[in-house]
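J.: Supplied in structure tokens, the structure appears directly below.
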Amino acid sequence: MTAHAAEPTPVVPPMPERNPKALRAAIAQHAPQLLPNFDEHWKWAVADAYDISTVPAFMARWWGEFAIARDPKLDAHMANLHHRAAESTDIAEAKALLEEASHIRHEVQRLEPGQ
């Protein structure tokens with residue numbers, strides 16, 4: 001009988017430095033599917049607006065998006081929560097599923113660079 005090697009667990013990349021340039025580079029490398037929306041949002045919210053006061057809100061949103069997308073298991077779990085909530089006919093169940101997703105989004109905001 002031949003032993004099969006276990007599927008390697010994907011390594012979750014660390015969070016980058018907390019600035020737009022480092023976050024964009026991390027997205028480009030580890031979650032490139034997010035890059036078009038990141039760039040479009042940057043152009044609309046910061047560059048074309050000539051308003052750097054929007055950078056903290058921009059960073060908060062994309063910090064969380066990357067934190068979830070960089071981890072395939074967490075990304076799949078979030079997608080599952082949203083799918084199940086959308087399909088649920090029980091309002092209490094849908095609310096609980098969305099509250100769990102919201103809790104995860106709040107938790108990933110606490111991640112620090114390197115985590």
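J.: Determine whether segment 102-114 contains at least one residue that is farther than 27 Å from ASN19 by Cβ and surrounded by 12 or more Cβ atoms within 10 Å (Cβ to Cβ).
T.: no
J.: Another question about this same structure. Pairs only if they're at least six apart or on different chains, beta carbon under 6 angstrom, first in segment 61-86 and within 10 Å of VAL108 (Cβ to Cβ), second modelled with pLDDT under 95 and not in a helix (DSSP H, G or I); list them, first residue then second.
T.: Nothing qualifies.
J.: Identify the residue in segment 23-36 that is assigned to a helix (DSSP H, G or I) and in contact (Cβ under 8 Å) with a residue 24 or more places away in the chain and, among all such residues, is surrounded by the fewest Cβ atoms within 10 Å (Cβ to Cβ).
T.: GLN33
J.: Keeping to segment 94-115, report how many residues are free of Cβ contacts under 8 Å to residues at least 40 places away in the same chain, of a type outside the set (Ser, Thr, Tyr) and assigned to a helix (DSSP H, G or I).
T.: The number of residues fulfilling the criteria is 12.
J.: Is it true that ASN37 is of a type in the set (S, T, N, Q) and more than 16 Å from GLN109 (Cα to Cα)?
T.: Against the criterion (of a type in the set (S, T, N, Q) and more than 16 Å from GLN109 (Cα to Cα)), ASN37 qualifies.
J.: Further question on the same structure: Take segment 39-91 and flag every residue that is at pLDDT 95 or above, outside any helix (DSSP H, G or I) and surrounded by fewer than 15 Cβ atoms within 10 Å (Cβ to Cβ).
T.: Hits for segment 39-91 are THR89, ASP90.
J.: Search segment 8-22 for residues being at pLDDT 95 or above, of a type in the set (A, V, I, L, M) and in a loop (DSSP other than H, G, I, E, B), and hand back the single one that is farthest from ALA45 (Cα to Cα).
T.: VAL12
The values are calculated or read from the model by the stated rules, or taken from the named source; none is laboratory data. Here the structure is a predicted model, which is why all the values come from computation and not from measurement. We place every Cβ from the backbone using ideal geometry, glycine too, and count neighbours over all the protein chains shown.
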